[in-house]
There are 2 protein chains.
Amino acid sequence: MIIEMLSTGDEVLQGDIVDTNAAWAGQQLAERGLKFSRRQTVADDLATLVEVMDECCQRADWLLVNGGLGPTSDDLSAEAAGKLLGVPLELNQQWVANMQQWYRQKQREMPPSNLKQAMLPQGAELIDNPVGTACGFIITHHQCHVLFTPGVPSEFKHMLSHSWLPRLSDGDSTRVKRFFAFGLSESGLAQQLADIELPAGVRLGFRAARPSIEVKVFSQKVLTPEIKRVYELIRAQLKEQLFSEDNGNWAEFVQHKMIAKGLKLTCAESCTGGMLASQLVSVPGSSAYFERGFVTYTNQAKVQMLGVSSQLLEHYGAVSVEVAQAMAKGALAHSEADLALSITGIAGPDGGSDDKPVGTVCFALATAQSCFTQRLLLTGRTRQAIRETAAATALDMLRRYLNEQPIWGDYDLIRRIQTEQS
Amino acid sequence: MIIEMLSTGDEVLQGDIVDTNAAWAGQQLAERGLKFSRRQTVADDLATLVEVMDECCQRADWLLVNGGLGPTSDDLSAEAAGKLLGVPLELNQQWVANMQQWYRQKQREMPPSNLKQAMLPQGAELIDNPVGTACGFIITHHQCHVLFTPGVPSEFKHMLSHSWLPRLSDGDSTRVKRFFAFGLSESGLAQQLADIELPAGVRLGFRAARPSIEVKVFSQKVLTPEIKRVYELIRAQLKEQLFSEDNGNWAEFVQHKMIAKGLKLTCAESCTGGMLASQLVSVPGSSAYFERGFVTYTNQAKVQMLGVSSQLLEHYGAVSVEVAQAMAKGALAHSEADLALSITGIAGPDGGSDDKPVGTVCFALATAQSCFTQRLLLTGRTRQAIRETAAATALDMLRRYLNEQPIWGDYDLIRRIQTEQS
């Protein structure tokens, strides 16, 4: 089955909106063994819309059109569909009633401009949207089915999940198995796995997605001993570098381990400023292990919230393994947690020195018995990337501790300056 | 000038990577009065790549190709470029030397697989990449210049900024003025502005980008009194609903105001779990006003870190205006800040009740003199969206306070249950 996607709108083309809908739809298809053969984005221009839709319909079995169903004058998708088929638009009374009810439930008046959202090409099949005022619809042109969907991500996802994906058949059925690592380069990882002999029909794909790196094994759907052996060889080669399999949500992975061990976590963050805590709390059920977080952005906060000594801050500076250690131990002492992570660093763009350039970040993991600290150099990265990599590094330390693996990862993308263990 | 973009790679097409490069490039062009006329994404398939490039070259003056320059076997862009021109690939010695130096500086050995990255189509113009091992290159086909760029965002952005955007002329020069609001629907906002008479050549665009909404005024480059009058009418209509102009980074906007007034901020977060603090700290220079943050995810943390009374928690529940108020006042008392924001809510998917469904969130803004609290209902949203909207709401309260405007926004997308002021 040939499936194409057409994203519409100046704001997508000009980059005011990042097209996460397209990525999501691609993932949904991949999970069903299907894929887009091509994706396009065009501007809000009637003639171009009609022309490109016509081109796509000549190639594809299904065309997924996204966006342009809103109530405003730059929403042109329904009009383009009408022109493509050479039919007029008609007011769909069923959808008008639906919108009126939607507004009644919210105790609001329906703006008259919303009526435009019920104008569909004659003969189109109405597709319900229970979470918004833009209905979808399906037309057929050159034997290609065209589904028009709203641009709002929650509405788009709901419509695809309920009204489109179930219609599609199972397709050719590819299996994708994923392995996630951290701190490795794409070429370094490819090199590590280069000696694995792949059976016919099996191939590897690599993806560097800050801050993780992913190896994908593509194969046929039916799992054979040969394919399982490839998985085993990858595990054996990556050893403790392997962060997780299948699930790229590391916070979820760590949460599962922490809850299984009955441990509670706290964290003390300086340069990441709550990013690590927020990532952990983004997973439902995190209250079962995440106890509290300290965002100690100033020296005063480190002293008052965590009991870090002023002398230590003065002598070693806020970005030092000594202060990282004191932060983690202080967080443990000032909470009910069993484990504490701390992060203190220079995220830039200013604030660096010869001795401690921008990207210098110190980490500690404290338990009741011991404390592991390290100083890394995350240079050549933006402020945001330094903070993201720092949060991921702290998670990687915790993951290694929980797995009883070496705490210091063999990262080829990150330089380690110093380690301490007490 | 006709400019198209071609993103390559299974991982982009299948949605494993969200194409932020395309969005960024679109924004860069828009700022220069230029735009993509079309964007496409195709898979890592040699024949398709060559076919689509050929199509694009027949329409465009510039084609920007992104991805497929890595060292692994699924990186096919250079090979496709060679096939398109009918020329062989040659080892570019200049780039080999460059890569060798790159690895020497990092005190690492160059993996032999990297040599592939120096294989360029005969006659191609080498484009430098000082931040990675994938060089870019330019070829010309059907009078269309084709620039090949690496997929890694930092490398892509660097190459465009330094080697491509400066080459492009000024184009037809459109001016875009942006107004940002919060808590309003697209149709509600369009309705509010519907009576503004637009001079010829001026049009409005609307963009709902969670959690903000944006009005864009498109016009000619030269600012006339008529265009300025449209800006004034929008300001007059939106009044205090207008969060900011031109800058959609609200944390930056708030930082500017806080520093100008010499005020310090703290925040106490439950369901957002550090998200608000992390957003504030993402802006360079935030240490000048952001003092510390409390991530009080458990009741015990609220009691111990903020001095919220156990009786209050027991009587009203953790999600209540009373507890939000106690959290904000406690944060103020336990910090050196002048203003405190607090957030406590039910982000779901579980934990809701009839009285307090998922999406119930309470907020407080405490000053030395007074405390403003409100309880909102952010229903019909995912856990992530509830948390994002909650963080934005708290920022909106702070922005309104700093501007001496009404604290309670007239949000048409959010239901307000309760307000208190003491």
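The values are calculated or read from the model by the stated rules, or taken from the named source; none is laboratory data. Being a predicted model, the structure only gives us computed values, none of them experimental. Note that we place each Cβ from the backbone using ideal geometry, even for glycine, and neighbour counts take in every protein chain shown. We work out accessible area using only protein heavy atoms, side chains counted, and drop any ligands, DNA or RNA first. Shrake-Rupley method; radii C 1.70, N 1.55, O 1.52, S 1.80 Å.
Structure notes:
- Note on the stretch A:274-284: residues that are more than 7 Å from every other protein chain (Cβ to nearest Cβ) and closer than 30 Å to A:Glu314 by Cα amount to 1.
- Whichever residue in the stretch A:209-230 is β-branched (Val, Ile, Thr) and part of a loop (DSSP other than H, G, I, E, B) and, among such residues, is modelled with the lowest pLDDT: A:Val222
- Residues satisfying the stated conditions in the stretch A:141-165, i.e. out of contact with any Asp or Glu (no Cβ under 9 Å at 6 or more places or on another chain), at pLDDT 95 or above and either surrounded by fewer than 17 Cβ atoms within 10 Å (Cβ to Cβ) or β-branched (Val, Ile, Thr) (or both): A:Val146
- Given (1) surrounded by fewer than 22 Cβ atoms within 10 Å (Cβ to Cβ); (2) more than 11 Å from every other protein chain (Cβ to nearest Cβ); (3) polar (S, T, N, Q), index of the condition B:Ser77 fails: (1)
- Every residue from the stretch A:100-145 that is in a loop (DSSP other than H, G, I, E, B), away from chain B (no Cβ under 14 Å) and either among the polar types (S, T, N, Q) or within 18 Å of A:Lys157 (Cβ to Cβ) (or both): A:Gln122, A:Asp128, A:Cys135, A:Gln143
- Filter result (touching a helix residue (DSSP H, G or I) at 6+ places or on another chain (Cβ under 8 Å) and within 13 Å of chain A (Cβ to nearest Cβ)) within the stretch B:54-65: B:Leu64
- Condition check for A:Glu252 on (1) under 30 Å from A:Phe206 (Cα atoms); (2) touching a helix residue (DSSP H, G or I) at 6+ places or on another chain (Cβ under 8 Å): one failure, at (2).
- Some residue of the stretch B:223-243 being surrounded by 17 or more Cβ atoms within 10 Å (Cβ to Cβ), touching a residue at least 40 places away in the same chain (Cβ under 8 Å), of a type in the set (A, V, I, L, M) and within 14 Å of chain A (Cβ to nearest Cβ): no
- Hits in the stretch B:244-268 (condition: more than 15 Å from B:Leu339 (Cβ to Cβ) and either touching a Ser or Thr at 6+ places or on another chain (Cβ under 7 Å) or in a loop (DSSP other than H, G, I, E, B) (or both)): B:Asp246, B:Asn247, B:Gly248, B:Asn249, B:Trp250, B:Phe253
- Per-region count, the stretch B:325-339, residues open to solvent by less than 40 Å² (accessible area, probe 1.4 Å) and either assigned to a helix (DSSP H, G or I) or within 13 Å of chain A (Cβ to nearest Cβ) (or both): 8
- Qualifying residue in the stretch A:119-127 (condition: polar (S, T, N, Q) and under 30 Å from B:Arg415 (Cα atoms)): no
- Any hit, the stretch B:285-301, residues being away from chain A (no Cβ under 11 Å), in contact (Cβ under 8 Å) with a residue 24 or more places away in the chain and closer than 21 Å to B:Ile386 by Cα: no
- In the stretch B:30-57, the residues that are open to solvent by 10 Å² or more (accessible area, probe 1.4 Å), assigned to a helix (DSSP H, G or I), more than 30 Å from A:Ile213 (Cβ to Cβ) and at pLDDT 90 or above: B:Glu51, B:Asp54, B:Glu55
- Qualifying residue in the stretch B:148-163 (condition: in contact with a His (Cβ under 8 Å, 6 or more places away or on another chain), among the β-branched types (Val, Ile, Thr) and more than 14 Å from chain A (Cβ to nearest Cβ)): no
- Of all residues in the stretch A:344-359, at least one satisfies being assigned by TED's automatic domain parsing to the domain that holds A:Tyr297, under 20 Å from A:Gly274 (Cβ atoms) and in a strand (DSSP E or B).
Conditions tested, residue by residue: (1) outside any helix (DSSP H, G or I); (2) assigned by TED's automatic domain parsing to the domain that holds A:Glu388; (3) surrounded by 23 or more Cβ atoms within 10 Å (Cβ to Cβ).
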position	(1), (2), (3)
A:Gln279	no, yes, yes
A:Arg292	yes, yes, yes
A:Gln300	no, yes, no
A:Val308	yes, yes, yes
A:Leu313	no, yes, no
A:Val323	no, yes, yes
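- Restricting B:Asp350, B:Asp354, B:Asp412, B:Asp396 to residues that are open to solvent by 60 Å² or more (accessible area, probe 1.4 Å) and either in contact (Cβ under 8 Å) with a residue 24 or more places away in the chain or within 29 Å of A:Glu109 (Cβ to Cβ) (or both) narrows the list to B:Asp354.
- Selection over the stretch A:13-29 of residues that are in a helix (DSSP H, G or I), at the interface with another protein chain (Cβ under 7 Å from one of its Cβ atoms) and open to solvent by 20 Å² or more (accessible area, probe 1.4 Å) gives a count of 3.
- Inspection of the stretch A:303-318 identifies no residue that is within 30 Å of the chain's Cα centre (by Cα) and more than 10 Å from chain B (Cβ to nearest Cβ).
- Criterion applied to B:Cys362, B:Cys371 was being surrounded by 23 or more Cβ atoms within 10 Å (Cβ to Cβ), more than 9 Å from chain A (Cβ to nearest Cβ) and in contact with a helix residue (DSSP H, G or I) (Cβ under 6 Å, 6 or more places away or on another chain), and the one residue passing it is B:Cys362.
- Close pairs (9 angstrom Cβ cut-off, 6 or more residues apart or separate chains): outside the structural domain of B:Val12 (by TED's automatic domain parsing) in the stretch B:22-50, open to solvent by 20 Å² or more (accessible area, probe 1.4 Å) anywhere: none
- Considering the conditions (1) of a type in the set (Gly, Ala, Ser); (2) in contact (Cβ under 8 Å) with a residue 40 or more places away in the chain; (3) within 11 Å of chain B (Cβ to nearest Cβ); (4) out of contact with any Pro (no Cβ under 9 Å at 6 or more places or on another chain), A:Ala208 is excluded by exactly one of them, (2).
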